[in-house]
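Chemist: Before I ask anything, here is the structure I am working with.
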There are 2 protein chains.
Amino acid sequence: MLRVWGDVSVGTGDDAAVLDVPAGSRLVVTTDTAIEGVHFRREWITGAEIGYRSAAAALSDLAAMAADPLGMLLALSLPEGLTPSIEDLAAGVKEAAHRSGCPILGGDTNRAPVLSLTITALGHARLPVRRSGARPGDTLYVTGKLGGPGAALRAWLSGSQPRPDHRARFVYPVARLDEAKWLVEHGARAMIDVSDGLSSDLHHLAIASGAGIVVNLDTVPTALDVSPLQAAESGEEYELVIAAVTQIDCDEFVRRFGIPLTAIGRVEAEGPGTVKFEASGTRVDPVRGYDHFSR
Amino acid sequence: MLRVWGDVSVGTGDDAAVLDVPAGSRLVVTTDTAIEGVHFRREWITGAEIGYRSAAAALSDLAAMAADPLGMLLALSLPEGLTPSIEDLAAGVKEAAHRSGCPILGGDTNRAPVLSLTITALGHARLPVRRSGARPGDTLYVTGKLGGPGAALRAWLSGSQPRPDHRARFVYPVARLDEAKWLVEHGARAMIDVSDGLSSDLHHLAIASGAGIVVNLDTVPTALDVSPLQAAESGEEYELVIAAVTQIDCDEFVRRFGIPLTAIGRVEAEGPGTVKFEASGTRVDPVRGYDHFSR
């Protein structure tokens, strides 16, 4: 793997990697596993895509805390003689790491009956943003457009090929690292990334913040040919949902980052820990608890 | 898992854990995977033992750098309805973490076809000790007695039960964290933990340090009923091998830590990157490249 990673890798060959956290910053650390048959199937996507999306998912957890990446560690398990090869997987991890300016600190490779990748991402932030910071009166915003990964998954599971744009959202998620820092500078005080699906992740936010959340489903930004309800149920989006104390200039955001920022709801004192979705004034209930396709 | 871990866990429920590295210290981080059928078999050891030894192995990598633990993250994958349960595995991880005073920062649990644990351990050290610091003239020492885990494995693989003392060394390795710091204060300037086997790990040290190593096999401290050659080939010991610029008082070490410290060889300028084992003046060659029992 080290050969593939080249100068993205700073592995020392020691028992552990050594790095420095900038003075005044706190360390932010997260670990995330992607398993064949649970999070992806090998007949759907390439080795490089498997590596890429696993690394991007871990980096997205750093983004959700408004942290800058310090480095990542990869624990890779795969069957002998497997396609994709270690080299393909490592190349995908490298691409995602490189794109986010994140050094690869080291790895651990093992033979195993099933392909899996566990990626640990380390970052630093002066003031990490929590899920618990949302307060009544805050406006909810979401980055990007939702529903692509869910649509890709539905296509594969029904035996067809997903549209290229939906497929691309599944295999090449983008950790919104720069966006997160900008959003915090512009009033975001609670943040979470959409990994389990908008509906599920908003519940996490509502519970952590002890506040109620109301979403206008008609305003949820959707990928092409995806309904708002499907968008609210789609997981592994790796877009950010934020609660902001101020109104954020969504036009400036799209100019700066090339993706939309959309106000989709508000934080209320009523119903702490609950999320209400309304469409044309009527209450709707997206399916919660997106838990990968193996269920 | 959080319920089992109780106050050893500091997980926040956020996308990532947040912690502080003491000022003036460097961050030391390592990741390590244990897989059913590769590193252990479920019919040999209990769930708590699987969890314990996985966590101890990760902590041992911190010890090998003379680092103090900051925390650990666990990525756990296991089949549905599996024995052992998540609770048993988590209890073992907790026990090892607690024993080393290491908080559990969080985890990621997934259903998967095969049981595996990936543990990331974070630590800090003002001056992390590397494998590369050995210099000609240094004396080599090893902590503890070697050969127990290898003997346990041989027994299981031959269909019998290991002796209780050999089995205990396999299931309850001890990360030599306090020992490592004391050894550095007393002259250790290169260090590695014995995970692949003394012979293999000394090669790593010799290569990283660009020096030759000569071991007197007759002096290698062995577990009961284990030959020096078997001891030199036994992996997953998690004892420390050090190269020290000074003579270390082994009597004081045993009084302080209750385990032996033994001089087993020396570092030379000749044969950089090579390791010679001598027994009664004759050269012997332990098998290198201990690579678990699945080979």
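Chemist: Out of (1) out of contact with any strand residue (DSSP E or B) (no Cβ under 9 Å at 6 or more places or on another chain); (2) over 18 Å from B:Leu59 (Cβ atoms); (3) not small (Gly, Ala, Ser), the odd one out for B:Glu95 is which?
Modeler: (2)
Chemist: Look through the stretch B:106-139, keep the residues that are in contact with a Leu (Cβ under 8 Å, 6 or more places away or on another chain) and farther than 30 Å from B:Asp88 by Cβ, and return whichever of them is least open to solvent (accessible area, probe 1.4 Å).
Modeler: B:Ala134
Chemist: Given the structure, is A:Leu183 touching a residue at least 12 places away in the same chain (Cβ under 8 Å), under 17 Å from A:Gly273 (Cα atoms) and away from chain B (no Cβ under 14 Å)? Explain how you work it out, then say what you get.
Modeler: Numbers: touching a residue at least 12 places away in the same chain (Cβ under 8 Å): yes; under 17 Å from A:Gly273 (Cα atoms): no; away from chain B (no Cβ under 14 Å): yes.
Answer is no for this residue.
Chemist: Consider A:Tyr52 against the criteria (1) aromatic (Phe, Trp, Tyr); (2) open to solvent by 20 Å² or more (accessible area, probe 1.4 Å); (3) closer than 24 Å to A:Asp201 by Cα: it satisfies all of them except one. Which criterion is unmet?
Modeler: (2)
Chemist: Those residues that are away from chain A (no Cβ under 14 Å), of a type in the set (D, E, K, R) and under 23 Å from B:Pro221 (Cβ atoms), I need them from the stretch B:112-152; list them, please. It would help to see each step written out before you state the result.
Modeler: Step one: of the stretch B:112-152, the residues away from chain A (no Cβ under 14 Å) are B:135-152.
Now restrict to residues that are of a type in the set (D, E, K, R): B:135, B:138, B:145.
Once the filter is applied, which keeps residues that are away from chain A (no Cβ under 14 Å), of a type in the set (D, E, K, R) and under 23 Å from B:Pro221 (Cβ atoms), the stretch B:112-152 yields B:Asp138, B:Lys145.
Chemist: In the stretch B:11-37, which residues are touching a strand residue (DSSP E or B) at 6+ places or on another chain (Cβ under 6 Å) and of a type in the set (A, V, I, L, M)?
Modeler: B:Ala16, B:Ala17, B:Val18, B:Leu19, B:Val21, B:Leu27, B:Val28, B:Val29, B:Ala34, B:Ile35
Chemist: Go over the candidates B:Ser25, B:Ser77, B:Ser85 one by one and state the one that is away from chain A (no Cβ under 13 Å) and more than 24 Å from B:Leu157 (Cβ to Cβ).
Modeler: Values: B:Ser25 fails: away from chain A (no Cβ under 13 Å); B:Ser77 fails: away from chain A (no Cβ under 13 Å).
It is B:Ser85.
Chemist: Looking at (1) in contact with a helix residue (DSSP H, G or I) (Cβ under 8 Å, 6 or more places away or on another chain); (2) more than 14 Å from every other protein chain (Cβ to nearest Cβ), which is the one condition that is false for A:Trp156?
Modeler: Failed condition: (1).
Chemist: Here are the criteria: (1) in a loop (DSSP other than H, G, I, E, B); (2) at pLDDT 95 or above; (3) touching a strand residue (DSSP E or B) at 6+ places or on another chain (Cβ under 6 Å). Tell me which single one A:Val114 does not satisfy.
Modeler: The one condition A:Val114 does not meet is (2).
Chemist: Sort out which residues of the stretch B:55-83 are open to solvent by less than 10 Å² (accessible area, probe 1.4 Å), of a type outside the set (A, V, I, L, M) and under 24 Å from B:Glu185 (Cα atoms), and write them in order of number. Working first, answer last.
Modeler: Step one: filter the stretch B:55-83 for residues open to solvent by less than 10 Å² (accessible area, probe 1.4 Å), giving B:55-60, B:62-65, B:67, B:71-78.
Going one step further and asking which of them are of a type outside the set (A, V, I, L, M), we end up with B:60, B:71, B:77.
If the condition is that a residue be open to solvent by less than 10 Å² (accessible area, probe 1.4 Å), of a type outside the set (A, V, I, L, M) and under 24 Å from B:Glu185 (Cα atoms), then B:Ser60, B:Gly71 are the ones that fit.
Chemist: Tell me, please, whether a residue that is assigned to a strand (DSSP E or B) and either in contact (Cβ under 8 Å) with a residue 60 or more places away in the chain or open to solvent by 20 Å² or more (accessible area, probe 1.4 Å) (or both) can be found in the stretch A:148-155. Full working, then the answer.
Modeler: Taking the stretch A:148-155 and keeping what is assigned to a strand (DSSP E or B), we get none.
No, that holds for no residue.
Chemist: Within the stretch B:33-44, can you find the residues that are within 21 Å of B:Ser160 (Cβ to Cβ) and open to solvent by less than 10 Å² (accessible area, probe 1.4 Å)?
Modeler: Matches in the stretch B:33-44: B:Phe40 only.
Chemist: Now a separate question. Specify the residue that is most open to solvent (accessible area, probe 1.4 Å); the eligible residues are those in the stretch A:84-103 that are among the small types (Gly, Ala, Ser) and touching a Phe, Trp or Tyr at 6+ places or on another chain (Cβ under 9 Å). It would help to see each step written out before you state the result.
Modeler: Going through the stretch A:84-103, the residues among the small types (Gly, Ala, Ser) turn out to be A:85, A:90-92, A:96-97, A:100-101.
Retained after the next criterion (residues that are touching a Phe, Trp or Tyr at 6+ places or on another chain (Cβ under 9 Å)): A:90-92, A:96-97.
Values: A:Ala90: 0, A:Ala91: 41, A:Gly92: 0, A:Ala96: 4, A:Ala97: 0 Å².
Per the stated criteria, the residue is A:Ala91.
Chemist: Select from the stretch A:28-65 the residues that are of a type in the set (D, E, K, R), more than 7 Å from chain B (Cβ to nearest Cβ) and touching a residue at least 40 places away in the same chain (Cβ under 8 Å) and write down the one among them that is nearest to B:Leu115 (Cα to Cα).
Modeler: Checking each candidate, the answer is A:Glu36.
Chemist: How many of the residues making up the stretch A:251-290 are modelled with pLDDT under 95, within 22 Å of the chain's Cα centre (by Cα) and open to solvent by 60 Å² or more (accessible area, probe 1.4 Å)?
Modeler: Total satisfying the criteria: 2.
The values are calculated or read from the model by the stated rules, or taken from the named source; none is laboratory data. None of the values given here were measured: they were computed from a predicted structure. Cβ: placed from backbone, ideal geometry, glycine included. Neighbour counts: every protein chain shown. We work out accessible area using only protein heavy atoms, side chains counted, and drop any ligands, DNA or RNA first. Shrake-Rupley method; radii C 1.70, N 1.55, O 1.52, S 1.80 Å.
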